[in-house]
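The values are calculated or read from the model by the stated rules, or taken from the named source; none is laboratory data. None of the values given here were measured: they were computed from a predicted structure. Cβ: placed from backbone, ideal geometry, glycine included. Neighbour counts: every protein chain shown. Note: accessible area is taken over every heavy atom of the protein model, side chains too, but ligands, DNA and RNA are not part of it. Shrake-Rupley method; radii C 1.70, N 1.55, O 1.52, S 1.80 Å.
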Amino acid sequence: MSEKRWQGLFGLKKLFCAACVFAVMTAGIALAGGNLRVASMGEPASLDPHKVSGTWENYIVGDMFVGLTTEDPKSNAIPGVAESWTISEDGKTYTFKLRQSTWSDGTPLTANDFVYSMQRILLPETAAEYASLLYIIEGAEAINSGKAAADTLGVKAIDDQTLEVKLTGPAPYFLELLTHYTAYPVPKHVIDKVGKDWTKPENMVVNGPFKLVEWLPNTHVKLTKNDKYYDVGAVVLDDVTFYTQEDRAAVQKRFRAGEIDVAMDFASDQIDWLKANMPEETRIAPYMGVYYYPINSSVAPFNDLRVRKALSMAVNREAICDKVLKTGELPAYSFVPPGVSHYEHPAEVEWKSMPYDERIKEAKALLAEAGFTADKPLELTLKYNTSENHKRIAVAVASMWKQIGVKTELYNAEVKVHYADLKQGNFQVARAGWIADYNDAQNFLYLLETRTGPNNYGRYSNPEYDKLMLEAEVTADLTKRGELMYKAESLAMADLPIIPIYHYVSKNLVAKNVVGFEDNSKDIHRWRYVTLK
Amino acid sequence: MFAYVVRRLGSAIPTLFIVVTVAFFMMRVAPGGPFDREKQLPPEIEANILKVYNLDKPLHQQYFDYIGNIIQGDFGPSFKYLDFTVTDLILAGFPVSLRLGLAAILIAVVFGVTAGTIAALKQNSTFDYMVMGLAMTGIAIPNFVMAPLLALVFGVYLSWLPVAGWNDGALQNQILPVITLALPQIAYISRLTRGSMVETMHSNFIRTARAKGLAEKIVVVRHALKGGLLPVISYLGPATAAVITGSVVIEAIFDVPGIGRYFVTGALNRDYPVVMGVVIFYAVLIIGLNLVVDLIYGFLDPRVKVE
C-alpha cells in the first residue's frame, strides 16, 4: 500500500487537526456550561417513544417529548402539555385543558395529536411492546388485540385545546402514568410524510426541551435545546450528549477521567472503592423495584406451603444486603417496596421480626413435617440469569438453605434462555426482578394475579387474591383501594408464592459540578432541570 | 487467471448458501426468542410483534422468505435496533472496524515480521528468547485484560489518551483500540515468521544463493523472506477477516462503534436478522480474502501456479 493511499484511508493528519479543533470546541462549550455528558448505559432500541421499553431510552426520549403531565426533578407528576384538568365523580373521565404550544418545527400541537398518538401506539401494526400500559383507557385492549378499530378508543378531542380521556376504572395513578413515554404525543404530520424514518436526525420533530441533532448507533445520541419548547426559558443546558456504552467498568474509568458527567447505574462490585474514593459523586437511593425468587407452586413439592415457607424463612436477607451487595439495598419481607403512593406500609411476612436462629429451627421443623429429613433431603434447582451479582446471591442463598438440609443445584443461563424457561414454567425456584412502571402498589401486585399469565412466573393462583385485586381496580376511594390491596398482599405473604429478597436502590455517579440532579425512587432524571457549575 | 477468479467466485455461491442455511436453522434451535425478557410481553402484544416481523409463519416459510429477501439485497430490520436495518448497521459499523483492523494488521505485519526475522537470524540468542518470550506473553494475555489495563494506565493515571469513546474517529481515540488489536497479532506473526524463516534459512536454495556469493542481506530479503513469509500470508487471510470485523471486547471497553459487537450481542439478543447479516458478511469476507491469499501465493511461490 503506497503512503498516499494509506493516508487517504486513515486520514491521520486531517483527523488530528479535526481532533484538535474538536478538543478546543468542547473546552469552549464546557466553559459556557452547556453540554452535559451522560452515560446512559445502553444503546436505545429506538427514539420513537412508542417503540422503546427501557430506562436507558427513557433518559433520552423523556427530554425530547413532554406528555400531558410530566415529571419534576423529584419525579413527581406535574402539569405538562395539559395546563389543568378535571376528573369526573366516578374517577373514570379526565378532561384536560392543553396549553398553547408547538412542535419543534413550529406546527401547533393540538388535542388531535394526542388522539392520534394514543391510537397509534395501540394499533397492532405498531407492535409497541409497552402498549399494555395504556389498557386502562377505554377500548385500548380491544384495539391492541385487533378486535376493534382505532377510533373506538376512549380518547377524544373536544376542541384543539381540550382532550377527554375515558378509563375502564378509576385509576389513581393515571396522572402519573401520563408522564410515561407510552403517553407522549408524536408528530402525525411528520410520520405521515416520512414513515419510520421520522426518528432520523434530519426528520425528527419533538415537543420537549431538547431535540435530536446526532445519532450514531452504538456511540452517542446528541440533543440540543429546542427553542420552540413551551418552557424553554427554564432550560439552562445547551446540549446533552448520551454515551450508550454498556460496560460499567469502562464507563466508571471514563467518569474518573472526567469524560462523563453523569453515569447511570454503576456496578455493585465497585462500591467499596467508590465509597472510599468518590463518596460525594456516588449517589445511592431507594428505587421502586423488587429482587425476588418466584417458586413454581404448580409442581411438587413446591405446591406445599410448608416447603415454600421453610425456603423463605431460611433466607437471611440482611446478610445478603450487608455482606454481599453492600450498596444499601433494603431487605425485603414484602413484595411491594415501602414508600409507594397511597400504600405507605406494605404487608410483610408475619415472621419478619423472628430472630434468624429461630427461623432456621422452624424452617427445619416445617421441612420435616413435609417429609424431608437428613436421609431424604429436599433437592432443588435454583435458576438465575448469568450475572455476577445473581451468582453471588444464589451462592449465598444455597448456603443458607444448606443449614436447613436443602441440597441446591445452581443453574445459570443467558438471559433469553432464563426468561423463556420462566415463561414456560420450566423451573423450581428462579431469580426474577421487577421495576415498577408507575408509582402504585397495583403495578407490583398484579404480577401475582391468575389473569396476568406469563409474568406470574410461579403460577400463583388464589381466587380470593384475584377477587381483592379486581375489587381494588374499580374502587375510586384511595384509602379503601389501598386497604384492599393490602389484604391481597397479606394473603400472598402468607401463601409465599415468591421469596422477596431485597428492594432495589438506584446507583449513579454524578460529578460535583452537576447541579439539579435529584435522587428519586423512580430514578428518572430530566436534564431540563440540570445545570453545570 | 481471470478464469480462475471467476471459477472461484462461482464455487463460493453454494458455500454461501450452505452457510446461510445452517446459520438460519442453528439460530432457531437455540432456546429463548428475541422477545423473551424480564418483563414478559402480554400474549396479544407478543402476537402483534411476531406478526410484524413475520415470525408467526412456519419456519420453512420464514426461511424461503428470507432467502428471497437476501437475493434482493434486503437483510431485514434488526429486532434490537428498531430504527435501523441490518444493512444500515453493517454499513455504519464496518468502516470503523475496517479502519482499526487495517491499522492493526499493518502494525502487526511490520513489527511481527521484523521481530520474527531478526529472531530467526539470531536463533537461540538473547534477542531471540526475548522476542519469543514476549510473543508468548502477548498470545497468552487476553484482550479483556489488556484493554482495561491500557485504559487505566494511559487514560486514567497518565491522562495521555481518552479512556474510551469514538469522538468521530479522532486519532487519539484510535490508538488504544489499535494497539490492543495489534498486540496478539504481532505476537502470533512474529512466531510464525521465526519458525518459517529458521526452516527456510536451512534450505538448499539459500545455500545455493550463498554459494553464488550474494551478500547476506540480499539472501535474506530477496530469497529467504519470499519463502519464509508464505505461512504468514496464509495466516493473514483469515486473520485480516477476523481483525477488520472488529472485536466485541475492544468495542465494549473502548466504546468503538464497529461491527464486532453484533457477532456476540446479536446472538445473545436472538436478533436473528443481525446474526444472519453478519454471518453472511463474514463468510463473504473470508471467501474473498482467501482468494486474495491464493493469488498472492502465485506471485510469491514459483511452485504454485494459479490456473
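Return yes when B:F111 is more than 14 Å from every other protein chain (Cβ to nearest Cβ) and in contact with a Pro (Cβ under 7 Å, 6 or more places away or on another chain) and no when it is not. Break it down stepwise before answering.
Values: more than 14 Å from every other protein chain (Cβ to nearest Cβ): yes; in contact with a Pro (Cβ under 7 Å, 6 or more places away or on another chain): no.
Considered against the rule, which asks whether it is more than 14 Å from every other protein chain (Cβ to nearest Cβ) and in contact with a Pro (Cβ under 7 Å, 6 or more places away or on another chain), B:F111 comes out as no.
Return the pair list, or none, for Cβ contacts closer than 7 Å from residues in the range A:250-265 that are facing another protein chain (nearest Cβ under 9 Å) and closer than 17 Å to B:I250 by Cβ to residues that are part of a loop (DSSP other than H, G, I, E, B) and open to solvent by 10 Å² or more (accessible area, probe 1.4 Å), at least 6 apart or on different chains.
Nothing qualifies.
Could you check, for the range B:86-109, whether at least one of its residues is open to solvent by 50 Å² or more (accessible area, probe 1.4 Å) and over 26 Å from B:I259 (Cβ atoms)?
no
In the range B:66-85, which residue that is within 12 Å of chain A (Cβ to nearest Cβ) and in contact with a Gly (Cβ under 9 Å, 6 or more places away or on another chain) is farthest from B:P34 (Cα to Cα)? Before the answer, list the steps.
Of all residues in the range B:66-85, those within 12 Å of chain A (Cβ to nearest Cβ) come to B:77-85.
Among the residues that remain, those that are also in contact with a Gly (Cβ under 9 Å, 6 or more places away or on another chain) are: B:78, B:80, B:85.
Details: B:S78: 10, B:K80: 8, B:T85: 16 Å.
Among residues in the range B:66-85 that are within 12 Å of chain A (Cβ to nearest Cβ) and in contact with a Gly (Cβ under 9 Å, 6 or more places away or on another chain), the one farthest from B:P34 (Cα to Cα) is B:T85.
Inspect the range A:386-397 for any residue being open to solvent by 90 Å² or more (accessible area, probe 1.4 Å) and among the hydrophobic types (A, V, I, L, M, F, W, C) and give the result as yes or no.
no
Give the range A:407-424 a look and list any residue that's farther than 18 Å from B:N269 by Cβ and either crowded, with 20+ Cβ neighbours inside 10 Å or among the charged types (D, E, K, R) (or both), or say none.
A:K407, A:T408, A:E409
Considering (1) buried (at least 21 other Cβ atoms within 10 Å of the Cβ); (2) under 30 Å from B:N54 (Cβ atoms); (3) at pLDDT 95 or above, say which one A:A111 fails and leave the rest.
(2) is the only condition that A:A111 fails.
Taking A:L378 as meeting all but one of (1) open to solvent by less than 10 Å² (accessible area, probe 1.4 Å); (2) touching a residue at least 60 places away in the same chain (Cβ under 8 Å); (3) within 24 Å of A:V290 (Cβ to Cβ), write down the number of the exception.
All conditions pass for A:L378, except number (3).
Going through the range B:15-35 one residue at a time, which ones are of a type in the set (F, W, Y) and either buried (at least 17 other Cβ atoms within 10 Å of the Cβ) or outside any helix (DSSP H, G or I) (or both)? So that I can check it myself, show each step before the final result.
Step one: list which residues in the range B:15-35 are of a type in the set (F, W, Y), which gives B:17, B:24-25, B:35.
Listed by number, the residues that qualify are B:F24, B:F35.
Of all residues in the range A:306-323, which are touching a Ser or Thr at 6+ places or on another chain (Cβ under 9 Å) and open to solvent by 10 Å² or more (accessible area, probe 1.4 Å)?
So in the range A:306-323, the residues touching a Ser or Thr at 6+ places or on another chain (Cβ under 9 Å) come out as A:308, A:321.
Result: A:R308, single match.
Residue check: is B:P58 over 34 Å from the mean Cα position of the chain (by Cα) and more than 14 Å from every other protein chain (Cβ to nearest Cβ)? Quick ask: steps written out before the conclusion?
Values: over 34 Å from the mean Cα position of the chain (by Cα): yes; more than 14 Å from every other protein chain (Cβ to nearest Cβ): yes.
For B:P58, the condition - over 34 Å from the mean Cα position of the chain (by Cα) and more than 14 Å from every other protein chain (Cβ to nearest Cβ) - is met.
Test B:W160 against the criterion of being within 14 Å of another protein chain (Cβ to nearest Cβ), touching a helix residue (DSSP H, G or I) at 6+ places or on another chain (Cβ under 7 Å), within 29 Å of B:L98 (Cα to Cα) and in contact (Cβ under 8 Å) with a residue 24 or more places away in the chain, and give yes or no. Break it down into steps so the answer makes sense when it comes.
Numbers: within 14 Å of another protein chain (Cβ to nearest Cβ): yes; touching a helix residue (DSSP H, G or I) at 6+ places or on another chain (Cβ under 7 Å): yes; within 29 Å of B:L98 (Cα to Cα): yes; in contact (Cβ under 8 Å) with a residue 24 or more places away in the chain: no.
Answer is no for this residue.
Return the only residue of A:A488, A:A494 being assigned by TED's automatic domain parsing to the domain that holds A:D421, within 25 Å of the chain's Cα centre (by Cα) and assigned to a helix (DSSP H, G or I). Write out each step before concluding.
Working: A:A494 fails: within 25 Å of the chain's Cα centre (by Cα).
Selected residue: A:A488, the only one of A:A488, A:A494 that is assigned by TED's automatic domain parsing to the domain that holds A:D421, within 25 Å of the chain's Cα centre (by Cα) and assigned to a helix (DSSP H, G or I).
With the condition being within 11 Å of chain B (Cβ to nearest Cβ), open to solvent by 20 Å² or more (accessible area, probe 1.4 Å) and among the β-branched types (V, I, T), I'd like the helices (runs of 4 or more DSSP H) fully within the range A:129-229 carrying at least 2 qualifying residues.
On the way: elements: A:140-144, A:174-177, A:188-194.
Filter on the range A:129-229 gives an empty set.
Is at least one residue of the range B:120-129 under 24 Å from the mean Cα position of the chain (by Cα), surrounded by fewer than 16 Cβ atoms within 10 Å (Cβ to Cβ) and of a type outside the set (G, A, S)?
Here is the first cut: in the range B:120-129, the residues under 24 Å from the mean Cα position of the chain (by Cα) are none.
The answer is no, given that none of the residues of the range B:120-129 is under 24 Å from the mean Cα position of the chain (by Cα), surrounded by fewer than 16 Cβ atoms within 10 Å (Cβ to Cβ) and of a type outside the set (G, A, S).
Take residues that are of a type outside the set (V, I, T) and more than 14 Å from chain A (Cβ to nearest Cβ) and tell me which of the helices (runs of 4 or more DSSP H) falling wholly in the range B:191-307 contain 2 or more.
Working: elements: B:204-211, B:225-228, B:230-244, B:248-254, B:260-268, B:272-300.
Qualifying helices (runs of 4 or more DSSP H): B:204-211, B:225-228, B:230-244, B:272-300.
Is the range B:38-55 home to any residue that is open to solvent by 60 Å² or more (accessible area, probe 1.4 Å) and more than 14 Å from every other protein chain (Cβ to nearest Cβ)?
Looking for residues that are open to solvent by 60 Å² or more (accessible area, probe 1.4 Å) and more than 14 Å from every other protein chain (Cβ to nearest Cβ), one finds none in the range B:38-55, hence no.
If we only count helices (runs of 4 or more DSSP H) wholly inside the range A:387-472, which ones have 2 or more residues that are of a type in the set (K, R), more than 12 Å from chain B (Cβ to nearest Cβ) and farther than 20 Å from A:G54 by Cα? Please lay out each step first, then the result.
Working: elements: A:388-402, A:415-423, A:442-445.
So the answer is A:388-402.
Among the residues of the range A:333-353, is any closer than 20 Å to A:W434 by Cβ, assigned by TED's automatic domain parsing to the domain that holds A:L448 and outside any loop (DSSP other than H, G, I, E, B)?
yes
Name, by its number, the condition in (1) in a loop (DSSP other than H, G, I, E, B); (2) at pLDDT below 90; (3) within 13 Å of chain A (Cβ to nearest Cβ) that does not hold for B:D168.
(1)
Just to be sure before I move on: is A:L470 surrounded by fewer than 23 Cβ atoms within 10 Å (Cβ to Cβ) and either touching a residue at least 12 places away in the same chain (Cβ under 8 Å) or within 30 Å of A:I393 (Cβ to Cβ) (or both) in the structure I sent?
Numbers: surrounded by fewer than 23 Cβ atoms within 10 Å (Cβ to Cβ): yes; either touching a residue at least 12 places away in the same chain (Cβ under 8 Å) or within 30 Å of A:I393 (Cβ to Cβ) (or both): no.
So A:L470 fails the test.
Please go through the range B:175-202 and give me each residue that is polar (S, T, N, Q) and buried (at least 24 other Cβ atoms within 10 Å of the Cβ), ordered by number. Quick ask: steps written out before the conclusion?
Let us first name the residues in the range B:175-202 that are polar (S, T, N, Q), namely B:180, B:185, B:190, B:193, B:196, B:200.
Across the range B:175-202, the qualifying residues are B:T180, B:Q185, B:S190, B:T193.
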